[in-house]
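Visitor: Following this message is one structure expressed as structure tokens.
Bear in mind these aren't lab numbers, they're just calculated from the coordinates by the rules spelled out. Keep in mind that this is a model prediction, so the values were computed, not measured. When we count neighbours, we look across all protein chains shown, and the Cβ atoms used for this are built from the backbone with ideal geometry, even at glycine.
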Amino acid sequence: MRSYIIRRILLIIPTFIVVSMIIFLILRLIPGSVIDTIAAQYIYLTNLDKAAIEKALGLNVPIYIQYFRWMGQIFLHGNFGKSFVTNLPVVDDIKARWPITFELGIMALLIGQLIALPVGIYSAMRQDTVGDYITRSIAILCIAVPDFWVATMVIVFPSIWWHYTPSIMLISFGKDPLGNLKMFIIPALVLGMQLSGMTMRMMRTMMLEVLRQDYIRTAWAKGLKERVVIMRHALKNAFIPVITIIGWQIPLLFGGAVIIENIFQLPGMGQLMVSAVQQRDYPTISAIMIILTSVVLILNLLIDLVYSFLDPRIHYK
């Protein structure tokens, strides 16, 4: 196990470097540039002024030199550079905003799984019944309906019918925990809706496959109760592919957070990402994407390790 973990960590390094190259290059291919964005704010900006701004931002050198400078700052100093817009360290902006995105993502993930897992298990246990058809329809609906549309409707209809709109002022959890949860529960529910649909269908499919196995028939033949058969014999084996799906949902959470945070005016990393893209703030965009990449790579390793816990037959050499 130890040698497997070491090999996986060593493999993360080249993957991280390749992804960082792709991120760095794609950002430079976005139409327009930060120089044009800055120049648009001033009327009497000459070409000499533009050249001075380009030099101050370090954009006057070839792109490969820019990349090595950027990676050197990350690996040697743990520094993602300064924002092209505010001229403040990017780390400061991320430190202020990541708790909001983290709270939204964790709540959405928990809500999605708390809905999906029990419903998926129930649907498999009651295959081809009315309850099964209803839950399958709900799962398809959760996957099909766009979360941005649901979020918009959640804001529009209550404001028309009951003259209620969610608060746009951030409520700190430390000052008012209940108010903070009330503020985040609706965005988290909307964000977790699609996640629950995917997990629900996967949970049902895997439970049906496991319930047809011989050892499950043997458990039934012994006269064990339904709860014991499900929890002790079926659930662990059925849960392995579901864990993989949950791991894949982490990047989807951030992608959804970009939309949900802007609709509900939550000042998290998703909102910062949209603002940075609009202003061509390369260091901020790169830092957010690198952090997301690192999280995904580490989570993939942890998910692989969870497999051996769920199924003792899985050994890593």
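Visitor: Sort the chain into rounded, prolate or oblate with this rule: let a ≥ b ≥ c be the square roots of the eigenvalues of the Cα gyration tensor; rounded if a/c is under 1.5, and if a/c is not under 1.5, prolate when a/b is larger than b/c, oblate otherwise. Numbers along the way, then the final one.
Guide: Numbers: a/c = 2.90, a/b = 1.61, b/c = 1.80.
Note, shape of the chain comes out oblate.
Visitor: 5 Å is the cut-off here: which amide hydrogens, built 1.01 Å from N in the peptide plane, fall below it relative to residue 82, excluding neighbours closer than 5 in sequence?
Guide: Excluding prolines and chain starts, which carry no amide H, the hits are 90.
Visitor: Hey, another quick one. What FRET efficiency would be calculated for the residue pair residue 68, residue 98, taking the C-beta separation as r and a Förster radius of 30 Å, to the nearest 0.05?
Guide: FRET efficiency, residue 68 to residue 98: 0.65.
Visitor: Show that you can apply the helix-only estimate: for the chain, add -39,500 (n - 2.57) for every DSSP H stretch of four or more residues, divide by all residues, and state [θ] at 222 nm to the nearest 500.
Guide: Rounded to the nearest 500, it is -25500 deg cm²/dmol.
Visitor: At R0 = 41 Å, how high is the FRET efficiency between residue 248 and residue 221 if r is their beta carbon distance? Nearest 0.05 is fine.
Guide: With a Förster radius of 41 Å, E is 0.65.
Visitor: Return the distance in nm (one decimal) between the two label points of a simple spin-label model at residue 170 and residue 77, each offset 7 Å from Cα along Cα→Cβ.
Guide: 2.6
Visitor: Counting other beta carbons within 10 Å of each Cβ, put 161, 220 in order, fewest first.
Guide: Going from least to most buried by this count: 161, 220.
Visitor: Under a Cβ-Cβ cut-off of 12 Å, what is the net charge of the residues other than residue 86 that fall near it, where Lys and Arg count +1 and Asp and Glu count -1?
Guide: Result for the neighbourhood of residue 86: -2.
Visitor: Are there DSSP H segments in the chain that both extend 27 Å or more along their axis (alpha-carbon positions) and score a mean Kyte-Doolittle hydropathy of at least -0.5? List them, or say none. Please list the in-between numbers first.
Guide: On the way: long enough: 2-28 (40 Å, 1.79); 90-125 (50 Å, 1.16); 177-211 (43 Å, 0.97); 235-263 (39 Å, 1.42); 282-310 (42 Å, 1.99).
Sorted by number, the helices that extend far enough and score high enough are 2-28, 90-125, 177-211, 235-263, 282-310.
Visitor: Can you put 170, 302, 195 in order, fewest other beta carbons within 10 Å first? Present the calculation step by step, with values, prior to reporting the outcome.
Guide: Values: 170 14, 302 10, 195 27.
So the ranking, lowest neighbour count to highest, is 302, 170, 195.
Visitor: In nm, what is the difference between 0.36 nm times the number of residues separating residue 114 and residue 6 and their Cα-Cα distance? Please report the intermediate quantities before stating the final value.
Guide: Numbers: separation 108, 0.36 × 108 = 38.88 nm, distance 3.36 nm.
My answer for the length gained is 35.5 nm.
Visitor: Give the separation of the Cα centroids, the stretch 2-22 to the stretch 244-285, in Å.
Guide: 24
Visitor: Moving on. Ranking 172, 308, 286, 196 by Cβ neighbours within 10 Å, fewest first, what do you get?
Guide: 172, 308, 286, 196
Visitor: What's the extension gain from residue 214 to residue 231 if we count 0.36 nm per residue and subtract their Cα-Cα distance? Please report the intermediate quantities before stating the final value.
Guide: Working: separation 17, 0.36 × 17 = 6.12 nm, distance 1.66 nm.
This chain segment gains 4.5 nm when fully extended.
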